[in-house]
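Below: one structure, written as structure tokens.
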Amino acid sequence: MAEYVFGYLLNETRHITQYADQQAQRLWQPHDYTSLRGKTLAILGTGAIGQNIATVAHAFGMHVLGTNQDGRAVEGFEHTMTLTALRQRLGEVDVLVSTLPATTETARCVNADFWQYAQDLLFINVGRGATVDESALIKALDEKKLRLAVLDVMQQEPLPQAHPFWAHPRVCITPHIAAVSFPEQVFDLFADNYRRWHAGKPLAHQVNFNKGY
């Protein structure tokens, strides 16, 4: 997921797709670019995925904020807070990445109230589509609170042909491919947990069915 996130961030800041289009036109035209260094990245969710994205962000010199249920401190994040607290600080944020799971607490939590203080924000959702109020997202894009939304997950998948996301000029759609699990990765996790189980140790990556993740 970190590769997906930073692939889109670098494409946006360094005009990679634009230069490919210019090459097809035999057009030599440099464009000003912005650096990721010094930008503020906020990550919704400070679990393993969020922590990995935060690690890569620090390598690019970004400032990293995180959210979790109680605002508890988590290694790798310069500051952590609740989702409600982050809403008040969205004006400071350049890039927002959601890794949130789909639970009763997170259902459509990224809504019109949430976007109230956003300013020219780049939003990437690699969590779950159920966490985003899609109508509110389109409205925030149209009002220029967001300059771009990169969406790998949607409320309904596959995305219906008539959905406005398809034709929106500031929405990038991918078909839920941000983090495909490769067989060797699954095997390594299984093998590690098997050794833990055999040794009578606690298993890694346990799911809390009460929380939903």
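The values are calculated or read from the model by the stated rules, or taken from the named source; none is laboratory data. Keep in mind it's a predicted model, so treat the numbers as computed, not measured. Because the Cβ atoms are built from the backbone with ideal geometry, glycine has one as well, and the counts that use them run over all protein chains shown. Side chains are part of the model used for accessible areas, which takes the heavy atoms of the whole protein and leaves out ligands, DNA and RNA. Shrake-Rupley method; radii C 1.70, N 1.55, O 1.52, S 1.80 Å.
Before moving on, here are some points about what is shown:
- Which numbered condition GLU12 misses (of (1) part of a loop (DSSP other than H, G, I, E, B); (2) acidic (Asp, Glu); (3) in contact (Cβ under 8 Å) with a residue 24 or more places away in the chain): (1)
- Identity of the residue in the stretch 25-53, assigned to a loop (DSSP other than H, G, I, E, B) and touching a residue at least 40 places away in the same chain (Cβ under 8 Å), that ends up most open to solvent (accessible area, probe 1.4 Å): LYS39
- The stretch 192-213 residues that are open to solvent by less than 80 Å² (accessible area, probe 1.4 Å), paired with ones that are among the basic types (Lys, Arg) (beta carbon under 7 Å, 6 or more apart): LEU203/ARG196; ALA204/ARG196
- Among residues of the stretch 196-213, those that are at pLDDT below 95 and over 30 Å from THR106 (Cα atoms), counted: 0
- Flag if ARG108 is over 25 Å from GLY38 (Cα atoms), surrounded by fewer than 22 Cβ atoms within 10 Å (Cβ to Cβ) and among the basic types (Lys, Arg): yes
- From the list ARG128, ARG147, the lone residue that is open to solvent by 80 Å² or more (accessible area, probe 1.4 Å), without any contact (Cβ under 8 Å) to a residue 40 or more places away in the chain and on the phi < 0 side of the Ramachandran plot is ARG128.
- Considering (1) crowded, with 17+ Cβ neighbours inside 10 Å; (2) touching a helix residue (DSSP H, G or I) at 6+ places or on another chain (Cβ under 9 Å); (3) closer than 30 Å to SER181 by Cβ, the lone condition that ALA118 does not fulfil carries the number (3).
- Residue within the stretch 100-108 that is within 18 Å of the chain's Cα centre (by Cα) and basic (Lys, Arg) present: yes
- Any hit, the stretch 86-104, residues being open to solvent by 50 Å² or more (accessible area, probe 1.4 Å) and over 17 Å from GLN119 (Cα atoms): yes
- If only residues of the stretch 150-191 that are under 15 Å from the mean Cα position of the chain (by Cα) and open to solvent by 50 Å² or more (accessible area, probe 1.4 Å) are counted, the one that is modelled with the lowest pLDDT is ALA179.
- Qualifying positions in the stretch 1-24 - over 29 Å from THR99 (Cβ atoms) and either hydroxyl-bearing (Ser, Thr, Tyr) or open to solvent by less than 50 Å² (accessible area, probe 1.4 Å) (or both): TYR19, GLN22
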